[in-house]
Amino acid sequence: MPSRRCASAAGAERRAALAALALAAVLGGAPAARADRQMDPELRGVVQQAIAEPRCELDDERFGIDVFLKLQEPRLGRIVRDAALRADILQNIYCHTHAIVKRYRRTQRIDLKLTPELVLAVMDVESRFDRYAVSSAGAVGLMQVMPFWPRQLGVENRLFGTVEFNVRLGCEILGYYMLRERNDYRRALARYNGSPGRREYPDLVLARLSSRWRG
């Protein structure tokens, strides 16, 4: 039978380990590369449409994108040092979110609450804006897109690291979940992350949205 001293030491070690884990969670937030599901069968059609979409154009959104860039570029500059990469990320986020919102308004008669700021918060949590991030589950890129459906549709691996393609797919997948959950941010974000019924991930994304990326 272990002595009281041994039992006490073991208990202290356990408490210290738990405290360390709790501190890591507070300091680091959720680990990057957490989107580990995205395998709803209906997503095949969503991803197929996203792949077939022409490159997003901003010609009729010039004023909106200029305002968005002026506000968010300095914020993103604290994380992404490359100015060209920052512009590429922000322009693609703005363009694809607005294109998706317009399409759903036209085809589904719904005002989808998919905003560029929300996508920035998702990226912040998922990859910390590392376009080459890969999770242990195989999710890749800025928005941690699971490659299951794209690969079934013949997409080459090299495309997942490109800003335009990864943002396009990530926005389409998140937009699909927003439609399915009728603009309920928490439920849609939990589905994107593969944790329906849990609040940790949605709360973290919404906290980042509020503290760092709100327009």
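The values are calculated or read from the model by the stated rules, or taken from the named source; none is laboratory data. Because the structure is predicted, anything quoted here is derived from the model rather than measured. Cβ: placed from backbone, ideal geometry, glycine included. Neighbour counts: every protein chain shown.
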| Can you tell me which residues in segment 158-183 are surrounded by 16 or more Cβ atoms within 10 Å (Cβ to Cβ) and among the β-branched types (Val, Ile, Thr)? | Val163, Val167, Ile173
| field | Residue ID - surrounded by the most Cβ atoms within 10 Å (Cβ to Cβ), chosen from residues in segment 50-71 that are under 21 Å from Phe165 (Cα atoms) and under 21 Å from the mean Cα position of the chain (by Cα) | value | Ala50
| field | Pairs, first touching a residue at least 60 places away in the same chain (Cβ under 8 Å) in segment 60-71, second part of a helix (DSSP H, G or I), C-beta under 8 Å, six or more apart | value | Phe68/Leu90; Phe68/Tyr94; Phe68/Pro116
| query | For segment 183-201, does any single residue satisfy the condition of being on the phi > 0 side of the Ramachandran plot, outside any helix (DSSP H, G or I) and out of contact with any helix residue (DSSP H, G or I) (no Cβ under 8 Å at 6 or more places or on another chain)? | reply | yes
| query | Among the residues of segment 131-156, which ones are of a type in the set (D, E, K, R), more than 19 Å from Arg81 (Cα to Cα) and part of a loop (DSSP other than H, G, I, E, B)? | reply | Glu156
| field | Residues of segment 192-207 classified as among the basic types (Lys, Arg) and under 17 Å from Gln144 (Cα atoms), total | value | 0
| message | Can you tell me which of (1) assigned to a helix (DSSP H, G or I); (2) farther than 23 Å from Ala52 by Cα; (3) polar (S, T, N, Q) is the one Asn166 doesn't meet? | response | (2)
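Can you work out which of the residues in segment 82-130 that are in a helix (DSSP H, G or I) and hydroxyl-bearing (Ser, Thr, Tyr) is surrounded by the fewest Cβ atoms within 10 Å (Cβ to Cβ)? Write out each step before concluding.
Filtering segment 82-130 for residues in a helix (DSSP H, G or I) gives 83-107, 116-126.
Applying the additional criterion that residues be hydroxyl-bearing (Ser, Thr, Tyr) yields 94, 97, 104, 107.
Details: Tyr94: 26, Thr97: 24, Tyr104: 18, Thr107: 8.
Within segment 82-130, the match that is surrounded by the fewest Cβ atoms within 10 Å (Cβ to Cβ) is Thr107.
Residue by residue, here is whether (1) at pLDDT 90 or above; (2) over 13 Å from the mean Cα position of the chain (by Cα); (3) outside the structural domain of Gln72 (by TED's automatic domain parsing); (4) within 29 Å of Glu200 (Cα to Cα) holds:
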| position | (1), (2), (3), (4) |
| --- | --- |
| Tyr104 | yes, yes, no, yes |
| Glu117 | yes, no, no, yes |
| Ser127 | yes, no, no, yes |
| Ala137 | no, yes, no, yes |
| Val155 | yes, yes, no, no |
| query | Hey, Ala139 hits all of (1) in contact with a strand residue (DSSP E or B) (Cβ under 8 Å, 6 or more places away or on another chain); (2) among the aliphatic types (A, V, I, L, M); (3) surrounded by fewer than 24 Cβ atoms within 10 Å (Cβ to Cβ) but one; which does it fall short on? | reply | (3)
| Where a residue in segment 113-131 is of a type in the set (Phe, Trp, Tyr) and its partner, wherever it lies, is not in a helix (DSSP H, G or I), with Cβ under 9 Å and at least six apart | Phe129/Ile79; Phe129/Val80; Phe129/Leu142
| Is it fair to say Asp60 is among the acidic types (Asp, Glu), farther than 16 Å from Trp213 by Cβ and outside any loop (DSSP other than H, G, I, E, B)? | yes
